[in-house]
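The structure appears below as structure tokens.
The values are calculated or read from the model by the stated rules, or taken from the named source; none is laboratory data. Just so it is clear, the structure is predicted and the values come from calculations on it, not from any experiment. Here the Cβ positions follow ideal geometry from the backbone for every residue, glycine too, while neighbour counts run over all protein chains shown.
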Amino acid sequence: MVHGDYMDYLNEGVEEFDHEIPSLEQIKAGILRRQYVNSEDIGYLGYILEQELGSLKFYSTWVEELKDEPHEIINTDNKEAIKRLINFWNEIGFEYRKKSESELIIWKEPKPSA
């Protein structure tokens, strides 16, 4: 935790930070080029969903039983966000599984062909 005079130093120039958020198509193109979903991609997707759907609870985690597989669990209280994430995962052709009404397991790379 940062206290005192350091906080003023850390906050200098924060308003000037200008970072371009990629579009869904740019995120999709990057994933397909890399054949991998970065944590940054998931963060951008969450940001875009929040901009489109309004304030929402959106975070990711993982489960121990899938620790050997690159995955994340997306947790959100917004059913429309889950629906849009499922559509996005269908578009990129990566595996997903609905764990509950508010949890979606997404794989971060394509499954190897059998």
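I need the full set of residues from region 48-69 which are more than 11 Å from the chain's Cα centre (by Cα), within 23 Å of PRO22 (Cα to Cα) and either modelled with pLDDT of 90 or more or not polar (S, T, N, Q) (or both), in order please. Working first, answer last.
As a first pass, look at region 48-69 and keep what is more than 11 Å from the chain's Cα centre (by Cα): 50-57, 62-69.
Subset that is within 23 Å of PRO22 (Cα to Cα): 50-57.
Residues satisfying the conditions are GLU50, GLN51, GLU52, LEU53, GLY54, LEU56, LYS57.
Any idea how many residues of region 27-55 are closer than 17 Å to TRP89 by Cβ and surrounded by 13 or more Cβ atoms within 10 Å (Cβ to Cβ)?
17
Could you run through region 51-102 and say how many residues are in contact with a helix residue (DSSP H, G or I) (Cβ under 6 Å, 6 or more places away or on another chain), without any contact (Cβ under 8 Å) to a residue 24 or more places away in the chain and either outside any strand (DSSP E or B) or not hydroxyl-bearing (Ser, Thr, Tyr) (or both)?
So the answer is 1.
Looking at GLU109, GLU91, which one is over 15 Å from the mean Cα position of the chain (by Cα), surrounded by 13 or more Cβ atoms within 10 Å (Cβ to Cβ) and of a type in the set (D, E, K, R)?
Matching residue, one of GLU109, GLU91: GLU91.
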